[in-house]
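Colleague: The structure under discussion is supplied below as structure tokens; questions concerning it will follow.
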Amino acid sequence: MNLVIRLFTVTSIVIASIGCSSRPADRTVPKETRSIIQGVGYIEPVSDVHRLSFKRTGVIGTCAVSIGTVVHKGDPLMSLDAATEQAEFSAAETELTVARSERDKVFAGSNEFQIRAAEHEVVAAEADAKLAGLELQRQKRLSSERVGSLSETDRAESEASRREAGLRRASANLDYLKNVVTVEDRALSEAKVALAQSRVATAQQRLNDCTLRAPSDGTVLEILHFTGEGVSELTPDPVIIFADLSHLRVRAEVDESYALTVHRGQHLTIFGRALGSKRASGTVSYIKSVMGKKTVFAHTATERKDLDVLQVFADLPPDFSAPIGLEVDFEIE
């Protein structure tokens, strides 16, 4: 009997428990909170940092700048010793001058005085031929009247033929002088000039490559090689680090977990120990389309280094200034 009472009591408790658990639970939806993306980045120029190097092998001859020098686009920064290249350029210019002179001579043809003398020779030969023809006619008439001898007639005929040949020779010489330049001569002279011009252009480019010029307006950040040091085009080491510091930006690295939540136009704020109490705000202007490995680290115990990051760029205010490469913390709202 006692066993039956105990079983009834346990069954009642179980049923009561089931009945209580069937009531709907109170589910409270949390309020939406604003998400903030945090990370580490560094300061850089909007125009990027240029590591300038020479295109030619040589020895540095002059350096026209120092660290901190502000220059304009095209200004010379550093030059190699270009004595050989200068000599090659001068020789190429001389060859071009000679080629142009030869072309002008060919195009001018014969000397005008030679042509004038040949024209007078033709006139004289025509007169001699006419006189010889008249003498031949007279001798033939005398021979027909049996007054002149046959030998005189033969002599007059020979003289007339000789004078006619002299006229043809003078006319041919005049034609030669007037047409001494052929189409092939003109083409050859033009080809020589074009070849000399290409040699001048090549020598000019080789000479220009001996001078390192500023790619844009900017500031010399560092000089890595100095006067007297050699450089090689096979291993083009940079000699000057150059950048335009008028506009700065921050290159922020966003964790892959937030890669799909960041977009252009978002508000970005930089801060950190290096900036002290200073803070600067900017706007996300560009987002890379490819993920990459972390390059800037916070050096905290909980930081993961095996995650990919998305690089985000934000332009900073014009009045903001900081050293290039300075690591900063950032927040993107």
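Colleague: Give the residues of region 104-117 that are open to solvent by less than 60 Å² (accessible area, probe 1.4 Å) and either at negative phi or in contact with a Pro (Cβ under 9 Å, 6 or more places away or on another chain) (or both), sorted by residue number.
Modeller: 106, 110, 115, 117
Colleague: Does region 30-84 hold any residues that are outside any loop (DSSP other than H, G, I, E, B), open to solvent by 20 Å² or more (accessible area, probe 1.4 Å) and charged (D, E, K, R), and which are they?
Modeller: Hit for region 30-84 is 51, nothing else.
Colleague: Can I ask one more? Considering only residues that are under 20 Å from residue 243 (Cβ atoms) and hydroxyl-bearing (Ser, Thr, Tyr), which ones fall in region 212-233?
Modeller: 216, 219
Colleague: Restricting region 169-187 to residues that are among the polar types (S, T, N, Q) and within 21 Å of residue 108 (Cβ to Cβ), which is surrounded by the most Cβ atoms within 10 Å (Cβ to Cβ)?
Modeller: 173
Colleague: When region 92-103 is examined, which residues are found to be open to solvent by less than 50 Å² (accessible area, probe 1.4 Å) and of a type in the set (Gly, Ala, Ser)?
Modeller: Across region 92-103, the qualifying residues are 92, 99.
Colleague: May I pose another question? Which condition number in (1) in a helix (DSSP H, G or I); (2) closer than 25 Å to residue 101 by Cβ; (3) open to solvent by less than 70 Å² (accessible area, probe 1.4 Å) is the one that residue 199 fails?
Modeller: Exception for residue 199: condition (3).
Colleague: Could you tell me whether any residue of region 199-207 is under 30 Å from residue 50 (Cα atoms), out of contact with any helix residue (DSSP H, G or I) (no Cβ under 9 Å at 6 or more places or on another chain), in contact (Cβ under 8 Å) with a residue 60 or more places away in the chain and not hydrophobic (A, V, I, L, M, F, W, C)?
Modeller: Scanning region 199-207 turns up no residue that is under 30 Å from residue 50 (Cα atoms), out of contact with any helix residue (DSSP H, G or I) (no Cβ under 9 Å at 6 or more places or on another chain), in contact (Cβ under 8 Å) with a residue 60 or more places away in the chain and not hydrophobic (A, V, I, L, M, F, W, C).
Colleague: A further question on this structure: Check residue 272 against each of (1) over 36 Å from the mean Cα position of the chain (by Cα); (2) small (Gly, Ala, Ser); (3) open to solvent by 50 Å² or more (accessible area, probe 1.4 Å) and name the one condition it does not meet.
Modeller: The number of the failed condition is (3).
Colleague: In region 118-168, what count of residues is obtained for those that are surrounded by 14 or more Cβ atoms within 10 Å (Cβ to Cβ) and hydrophobic (A, V, I, L, M, F, W, C)?
Modeller: 10
Colleague: Within region 215-237, restricting attention to residues that are under 18 Å from residue 71 (Cα atoms) and open to solvent by less than 60 Å² (accessible area, probe 1.4 Å), which residue is nearest to the chain's Cα centre (by Cα)?
Modeller: Here the residue is 215.
Colleague: Turning to a different aspect of this structure: Can you find a residue in region 183-193 that is assigned to a loop (DSSP other than H, G, I, E, B), more than 20 Å from the chain's Cα centre (by Cα) and of a type outside the set (Gly, Ala, Ser)?
Modeller: no
The values are calculated or read from the model by the stated rules, or taken from the named source; none is laboratory data. On a predicted model such as this, the values are computed, not experimentally measured, just so you know. Because the Cβ atoms are built from the backbone with ideal geometry, glycine has one as well, and the counts that use them run over all protein chains shown. Note: areas computed on protein heavy atoms with side chains; ligands, DNA, RNA excluded. Shrake-Rupley method; radii C 1.70, N 1.55, O 1.52, S 1.80 Å.
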